[in-house]
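Q: A single structure is presented below for examination.
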Amino acid sequence: MKTVTKIAVLSFLLLAFSACSNSTTTETKKPSRPSKASTEVLFDADSAYQYVQEQVDFGPRVPGTAAHAKTAIYLQQKLARFCDTAFTQYGTMPTGRGANVAIKNIIGSVNPQKTKRVLLCAHWDTRPMADQDKEDPTTPADGANDGASGVGVLIEIARQLQAQRPDAGVDIVLFDAEDMGDSRGAPSTWCLGSQYWSKTPHRPNYVARFGILLDMVGAENATFAIEGNSWQYAQPYVKKVWNTALSLGHANHFVNYKGGEILDDHFFINTIRGIPTLDIIQYDAASGAGFGDYWHTHDDNMSGINKNTLNAVGKTVFKVVMDL
Ligand code: AHN
Ligand code: ZN
């Protein structure tokens, strides 16, 4: 026998043996599926950064403005290029200030026919006023972190999913009008795009195994505490994401610390649509609002966007998707 053939036979026997021993020893306990080690974890933080910059360059994406309208077209074009299908879902929602607002949720799907699906989401609108800013609380900030960072990471993930096709179906949903809420008003004044989508998903009876929301994922040394609603509604997936981050060496960002409950788009996806969805959101108990000090101030601009943080989040989410 040639050496190559011998090796082939030997490795077949080894495989067969290990398969047998496996089935006898783990009969009652389902072995946890090992992560797909062959997966190269693709994510280019330079590219994600550029997608954040391009959104910011349009100006604050406040619903009703020209910058908002132009960005909607830009985002749909990006998803159309990198996903199998892309479209914009139009709707209207009451704002809580008496008026209605037009909603544009922008949706790209990879492997649209697969029943095994994961939902990846972020909000793309900018808050109409930087109301935490001491000097200028009435005009909007650039929203580099609050909005654009999560969207930039998701566009880069969509780009990489062309190079390495996932087994699962992936839906990237960019929600509009998350940030028009009143902190002293009703919870329903926040997250208007995700409330609309949760009641009226882009496909009737849409389901996914779970969802991941990205919010404020670009600040230097950002820490992501385990958010309370995520733990309540999506605990197994929180564990999956945090363990994946740990395995990739990103435990400095994905800290093992249980934070409080944050009202964000995932709350409505969990409570209205019933898809277990977790929030990767910067939370630092040491800072004033709990979020970074830049939050809802004019310091939320490109100078606060850090490629190491984008990389940690992007690589982690990419690997979770590929492991499905
Ligand atoms: C509240 O402030 C109620 N929730 C935070 C959600 C948010 C605002 N994310 C970004 N901006
Ligand atoms: Zn905000």
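Q: Under 13 Å from the Cβ of Gly274, count the other residues' Cβ atoms, weight Lys and Arg +1, Asp and Glu -1, and hand me the total.
A: Net local charge, Gly274 excluded: +3.
Q: What fraction of the DSSP beta bridges in the chain is antiparallel, stated in percent and rounded to the nearest 5?
A: The antiparallel proportion sits near 45 percent.
Q: Now for a separate question. Between Arg184 and Ser287, what length comes free when the chain is fully extended (0.36 nm per residue of separation minus the Cα-Cα distance, one decimal in nm)?
A: Values: separation 103, 0.36 × 103 = 37.08 nm, distance 2.02 nm.
So the chain would gain 35.1 nm between Arg184 and Ser287.
Q: Give me a comma-separated list of calculated 3J(HN,Hα) values for segment 167-178, in order, Karplus coefficients 6.51, -1.76, 1.60 applied at θ = phi - 60°, integers in Hz, x for any Gly or Pro.
A: With coefficients 6.51, -1.76 and 1.60, one gets 6, 7, x, 10, 10, 9, 10, 9, 7, 8, 6, 6 Hz.
Q: Ok, one more. According to a simple spin-label model (label point 7 Å from Cα along Cα-to-Cβ), what is the distance in nm between Ala163 and Gln113?
A: In this crude spin-label approximation the distance works out to 2.7 nm.
Q: Separate question: Show me, for segment 143-154, the HN-Hα J-couplings you get by feeding each phi into the Karplus relation (A = 6.51, B = -1.76, C = 1.60, θ = phi - 60°), rounded to Hz, glycine and proline as x.
A: Values per residue, Gly and Pro as x: x, 5, 8, 7, x, 5, 5, x, 5, x, 4, 5 Hz.
Q: Return the Cα extents of the chain along principal axes one, two and three, sorted largest first, each rounded to a whole Å.
A: 80, 41, 37
Q: Toward the positive end of the charge dipole of the chain, about the Cα centre and with charges on Cβ (Lys, Arg +1; Asp, Glu -1), which of Leu75, Thr277, Gly98 goes farthest?
A: Thr277
Q: To the nearest Å, what is the center-to-center distance of segment 64-105 and segment 133-164, using C-alpha atoms only?
A: Between the Cα centres of segment 64-105 and segment 133-164 lies a distance of 15 Å.
Q: Oh, and also: Please get the size of the charge dipole for segment 165-324, origin at its Cα centre, with Cβ charges of +1 on Lys and Arg and -1 on Asp and Glu, quoted in debye to the nearest 20.
A: Details: 12 positive and 18 negative charges, 156 e Å.
Using Cβ point charges on Lys, Arg, Asp and Glu, segment 165-324 gives about 740 debye.
Q: So how much slack lies between Leu248 and Asn100, counting 0.36 nm per residue of separation and subtracting their Cα-Cα distance, in nm?
A: Result: 48.9 nm gained on full extension.
Q: Using only Cα atoms, find the angle between the long axis of helix 3-25 and the longest principal axis of the chain, and express it within 0 to 90 degrees, rounded to the nearest 10.
A: That works out to roughly 70 degrees.
Q: Taking a quarter of the surface of the Cα convex hull of segment 193-324, what do you get in nm²?
A: Taking the Cα atoms of segment 193-324, their convex hull projects to 8.2 nm² on average.
Just so you know, all these numbers are worked out from the coordinates, no wet-lab data involved. Keep in mind that what you see is a predicted model, and the values were worked out from it rather than measured. Reconstructed Cβ throughout: ideal geometry from the backbone, glycine too, with neighbour counts over all protein chains shown.
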